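A.B. asks: Below is one structure. I have some questions about it.
The values are calculated or read from the model by the stated rules, or taken from the named source; none is laboratory data. Keep in mind it's a predicted model, so treat the numbers as computed, not measured. Heads up, the Cβs are rebuilt from the backbone with ideal geometry, glycines too, and the neighbour counts pull from every protein chain shown.
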Amino acid sequence: MVNKTKYHNDLKKDAGIIVLVLGLLFFSETFVFYRIMSTLWDAVPEVRIIFPVYLLFLVLLLGIETIGCITVYKSIKEHMYDFNYYD
Amino acid sequence: MSGNTNSEHAGVVKTLRPYHVWALGVGIVLVGEYMGWNFTVAKGGILGSLFALLVAGTMFVMVSLCASELGSSTKLAGGPYDWARLFVGPGAAALVGLAVYMEFIALESADAIVVASITNSIFPEIQTFPVTLLIIAFLTFMNYRGVVAALNLNFALTFTALIAIIVFFFANITGFAGTWHPEYLISGAMPNGFIGIFAALQFGPWFYLGIEGAAMCAEECKHPTRAVPLGQQAGMITLLLGSGMTLYICSGLIPAAELGTSVYPLFEAATATGSKYLIAALGIGTLFTCLASANGTVCDASRSWFALSRDKFLTNWFADVHPRYSTPYRAVIFTMPIAIAFAFSGFLDQVITFSIISGLICYVMIPFSLIRFRKLFPEHSQKVRPFVGPMQPTLAYITIFLAIVIMSTLNWGYGFNLIFGLLFYVIAYFYFSWRYKSIEINHDWGEDLGWPEPSHRR
């Protein structure tokens, strides 16, 4: 018999870890991106031309990683009873 | 051909958890934050390095999603080799096996060169090359004897090195460790113009090279359908964190001209702060990651060579397992002359370039294996595909495109290396395809993986 309370608590722990590291990733990547771009914005005029390309890849990187993490969470939730993940 | 890459894995206890998968992937790759990535600065300045970080990061996020789906579905230790073997074909499998071998052996040589350079900077009377040889010999001996304890130690070494980066980053942005110089960024923003920024892509993979190796422990995981995707994504996020923090710290603490040629940039950035604690922490971190990475790469490279030998792509002589230590000892010993040959060049960028070319071959073949997998087995059942990656196979096609674009940028400065590397793999592909024709193969999807027949045979 599966202990559903334990399963839900452990699933929350998995989700918590994912949210924590994703939060740290969003903070650090946007911070680094902002500091480098803002430092060079006025001093290097070419930055304005290529900025959209940088922004596109930043959004792609963070977006795909976030979607990937949500998919992992959904997959664990869907299969946790079938494969007895938390026993 | 058997489903297992290594007879050592047959009947192993399935105990590994997501943090083990994380540690295996990050353990091999974290060294990329400590050295090698900074050649992006030499090509394209700080803007080139940031561009390489973002583009290569996007590609590797997609590669790790492909690896998560393939690894949690097949649950085999061979990783990219097994995926190509099952879903593409024998020539491609041997090609990937050889590329994984070369990628990791070149990485081992690069690690050994850096450790020897650090030793030389501390003790100038000691020559670099003999120390490089000694390190390669020592690591080969450790892997000859068995690697379980060594890999456990690797986890501790890697974690220490990661904490050193995070502490350094937060100490710097809060003003406790050195002054961050905006003028260094401005003077070294884009020394070679737009072409330089694009050319910097060639060293971008070094931030994350080898993360796909995390899925190679799927066979030994307690719950591979949970451990592989979770551990792989956590590992990828860790590397993205580490790479961003490293670029930020180094770009503001070391002038770009020096940063682009440094052998150990993070250690030099710590030296620039003047903090004894940070210098010690980052010095130890550099040493630890190099040793941990080199040790892991000897392990993975020898298993790849062993698999090629066991599946008769090479002489069967390498497939022997040591009666006492249960290691593929001949394959392990054979890593040594190849690693020494790479190290003999003494040029870190040349060694890194060959490792990157080999890695990029894998990053074309991994998503291609996923595309083939989805064609052969379109159903999303618990048995065949327990983890369904998002937006596939679209992401797989984009990954292949980005890998080819990054490979093409090697034309700037490393054109001959690129031509030689590709020629080497093309010859290898035709050789292995020819050799494979003489082998009798009986592959049964039901028996090997418990799967139904592929869609085109039903």
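A.B. asks: Going through B:Val114, B:Val96 one at a time, which residue ends up being in contact with a Pro (Cβ under 9 Å, 6 or more places away or on another chain), crowded, with 24+ Cβ neighbours inside 10 Å and assigned to a helix (DSSP H, G or I)? It would help to see each step written out before you state the result.
C.D. replies: Values: B:Val114 fails: in contact with a Pro (Cβ under 9 Å, 6 or more places away or on another chain).
Just a single option satisfies the conditions, and that option is B:Val96.
A.B. asks: Suppose we keep only residues that are of a type in the set (A, V, I, L, M, F, W, C) and assigned to a helix (DSSP H, G or I) within region B:25-43. Which one would you say is modelled with the lowest pLDDT? Steps first, answer last, please.
C.D. replies: Our first condition is that a residue be of a type in the set (A, V, I, L, M, F, W, C); within region B:25-43, this holds for B:26, B:28-31, B:35, B:37, B:39, B:41-42.
Next, only the ones that are assigned to a helix (DSSP H, G or I) stay: B:26, B:28-29, B:31, B:39, B:41-42.
Values: B:Val26: 87, B:Ile28: 81, B:Val29: 86, B:Val31: 85, B:Phe39: 90, B:Val41: 93, B:Ala42: 91.
Filtering first and then ranking leaves B:Ile28.
A.B. asks: Going through B:Ile237, B:Ile249, B:Ile254 one at a time, which residue ends up being without any contact (Cβ under 8 Å) to a residue 12 or more places away in the chain and at negative phi?
C.D. replies: Working: B:Ile249 fails: without any contact (Cβ under 8 Å) to a residue 12 or more places away in the chain; B:Ile254 fails: without any contact (Cβ under 8 Å) to a residue 12 or more places away in the chain.
Of the residues listed, the single one that is without any contact (Cβ under 8 Å) to a residue 12 or more places away in the chain and at negative phi is B:Ile237.
A.B. asks: Which is at positive phi and more than 10 Å from chain A (Cβ to nearest Cβ), of B:Gly210, B:Gly196? Write out each step before concluding.
C.D. replies: Details: B:Gly196 fails: at positive phi.
Only one candidate passes the filter, namely B:Gly210.
A.B. asks: May I pose another question? With the requirement that a residue be more than 10 Å from chain A (Cβ to nearest Cβ) and surrounded by 15 or more Cβ atoms within 10 Å (Cβ to Cβ), what does region B:162-180 give you?
C.D. replies: B:Leu162, B:Ala164, B:Ile165, B:Val167, B:Phe168, B:Ala171, B:Asn172, B:Ala177, B:Gly178
A.B. asks: Just for region A:29-75: of the residues that are of a type in the set (S, T, N, Q) and either exposed (fewer than 15 other Cβ atoms within 10 Å of the Cβ) or more than 7 Å from chain B (Cβ to nearest Cβ) (or both), which one is farthest from the chain's Cα centre (by Cα)?
C.D. replies: If we filter region A:29-75 for residues that are of a type in the set (S, T, N, Q), which is where we start, we get A:30, A:38-39, A:66, A:71, A:75.
Cutting the leftovers down to either exposed (fewer than 15 other Cβ atoms within 10 Å of the Cβ) or more than 7 Å from chain B (Cβ to nearest Cβ) (or both) gives us A:30, A:38, A:66.
Values: A:Thr30: 12, A:Ser38: 24, A:Thr66: 4 Å.
Residue satisfying both the conditions and the ranking: A:Ser38.
A.B. asks: Checking B:Phe401 against (1) within 14 Å of another protein chain (Cβ to nearest Cβ); (2) surrounded by 18 or more Cβ atoms within 10 Å (Cβ to Cβ); (3) of a type outside the set (Asp, Glu); (4) over 19 Å from A:Thr71 (Cβ atoms), which test does it fail?
C.D. replies: Among (1) within 14 Å of another protein chain (Cβ to nearest Cβ); (2) surrounded by 18 or more Cβ atoms within 10 Å (Cβ to Cβ); (3) of a type outside the set (Asp, Glu); (4) over 19 Å from A:Thr71 (Cβ atoms), B:Phe401 violates only (2).
A.B. asks: Of all residues in region B:341-350, which are at pLDDT 80 or above and touching a helix residue (DSSP H, G or I) at 6+ places or on another chain (Cβ under 6 Å)?
C.D. replies: B:Phe342, B:Ala343
A.B. asks: Among the listed residues A:Asp10, A:Asp14, which satisfies the condition of being more than 8 Å from chain B (Cβ to nearest Cβ) and surrounded by 13 or more Cβ atoms within 10 Å (Cβ to Cβ)? Don't jump to the end; show me each part of the working.
C.D. replies: Values: A:Asp14 fails: more than 8 Å from chain B (Cβ to nearest Cβ).
Selected residue: A:Asp10, the only one of A:Asp10, A:Asp14 that is more than 8 Å from chain B (Cβ to nearest Cβ) and surrounded by 13 or more Cβ atoms within 10 Å (Cβ to Cβ).
A.B. asks: Right, next: Residues that are of a type in the set (Ser, Thr, Tyr), at least 3 per element: which helices (runs of 4 or more DSSP H) completely within region B:187-282 meet that? Give the steps one after another, and end with the answer.
C.D. replies: Values: elements: B:193-199, B:224-253, B:256-259, B:265-273.
Output list reads B:224-253.
A.B. asks: Something else now. Contact list please: Cβ distance under 6 Å, first residue in region B:105-128 and of a type outside the set (A, V, I, L, M, F, W, C), second residue surrounded by 15 or more Cβ atoms within 10 Å (Cβ to Cβ) and part of a loop (DSSP other than H, G, I, E, B), pairs at least six apart or on different chains.
C.D. replies: B:Ser117/B:Val263
Okay, residues lined up against (1) within 11 Å of another protein chain (Cβ to nearest Cβ); (2) assigned to a helix (DSSP H, G or I); (3) at positive phi; (4) in contact (Cβ under 8 Å) with a residue 40 or more places away in the chain:
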residue: B:Ala23; (1), (2), (3), (4): no, yes, no, yes
residue: B:Gly45; (1), (2), (3), (4): yes, yes, yes, yes
residue: B:Ser49; (1), (2), (3), (4): yes, yes, no, yes
residue: B:Cys66; (1), (2), (3), (4): yes, yes, no, yes
residue: B:Ser73; (1), (2), (3), (4): no, yes, no, yes
residue: B:Gly78; (1), (2), (3), (4): no, no, no, yes
residue: B:Tyr101; (1), (2), (3), (4): no, yes, no, yes
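A.B. asks: Sticking with this structure for a sec: Among the listed residues A:Leu24, A:Leu20, which satisfies the condition of being farther than 18 Å from B:Phe51 by Cβ, part of a helix (DSSP H, G or I), at pLDDT below 95 and facing chain B (nearest Cβ under 7 Å)?
C.D. replies: Every option except A:Leu24 fails the conditions.
A.B. asks: Hey, another quick one. Residue by residue through region B:366-385, note down the ones that are of a type outside the set (Phe, Trp, Tyr) and crowded, with 24+ Cβ neighbours inside 10 Å. Show your work before the answer.
C.D. replies: Going through region B:366-385, the residues of a type outside the set (Phe, Trp, Tyr) turn out to be B:366-367, B:369-372, B:374-376, B:378-385.
Listed by number, the residues that qualify are B:Ile366, B:Pro367, B:Ser369, B:Leu370.
A.B. asks: Does A:Glu78 count as within 26 Å of B:Val61 (Cα to Cα), charged (D, E, K, R) and at the interface with chain B (Cβ under 8 Å from one of its Cβ atoms)?
C.D. replies: no
A.B. asks: Follow-up. Within region A:65-80, is there a residue that is in contact with a Phe, Trp or Tyr (Cβ under 6 Å, 6 or more places away or on another chain), in a helix (DSSP H, G or I) and not hydroxyl-bearing (Ser, Thr, Tyr)?
C.D. replies: no
Per-residue answers, yes or no, for (1) surrounded by fewer than 23 Cβ atoms within 10 Å (Cβ to Cβ); (2) at pLDDT 90 or above:
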position	(1), (2)
B:Gly210	no, no
B:Gly213	no, no
B:Arg226	no, no
B:Gln232	no, no
B:Leu240	no, yes
B:Gly244	no, yes
B:Pro255	yes, yes
B:Tyr264	no, no
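A.B. asks: Still on this structure: If you check A:Tyr85 against the conditions, is it at pLDDT below 90 and either within 24 Å of B:Ala52 (Cβ to Cβ) or within 9 Å of chain B (Cβ to nearest Cβ) (or both)?
C.D. replies: On the way: at pLDDT below 90: yes; either within 24 Å of B:Ala52 (Cβ to Cβ) or within 9 Å of chain B (Cβ to nearest Cβ) (or both): yes.
Yes; evaluated as a whole, the condition is true for this residue.
A.B. asks: Another question, then. Counting only residues that are outside any loop (DSSP other than H, G, I, E, B) and of a type in the set (D, E, K, R), how many does region B:312-340 have? Steps first, please.
C.D. replies: Just the residues of region B:312-340 that are outside any loop (DSSP other than H, G, I, E, B), to begin with: B:316-319, B:329-340.
Remaining after also requiring of a type in the set (D, E, K, R): B:330.
Going through region B:312-340 one residue at a time, the tally reaches 1.
A.B. asks: Any residue in region B:291-311 that is in a helix (DSSP H, G or I), crowded, with 24+ Cβ neighbours inside 10 Å, in contact (Cβ under 8 Å) with a residue 40 or more places away in the chain and more than 22 Å from the chain's Cα centre (by Cα)?
C.D. replies: No, region B:291-311 contains no residue that is in a helix (DSSP H, G or I), crowded, with 24+ Cβ neighbours inside 10 Å, in contact (Cβ under 8 Å) with a residue 40 or more places away in the chain and more than 22 Å from the chain's Cα centre (by Cα).
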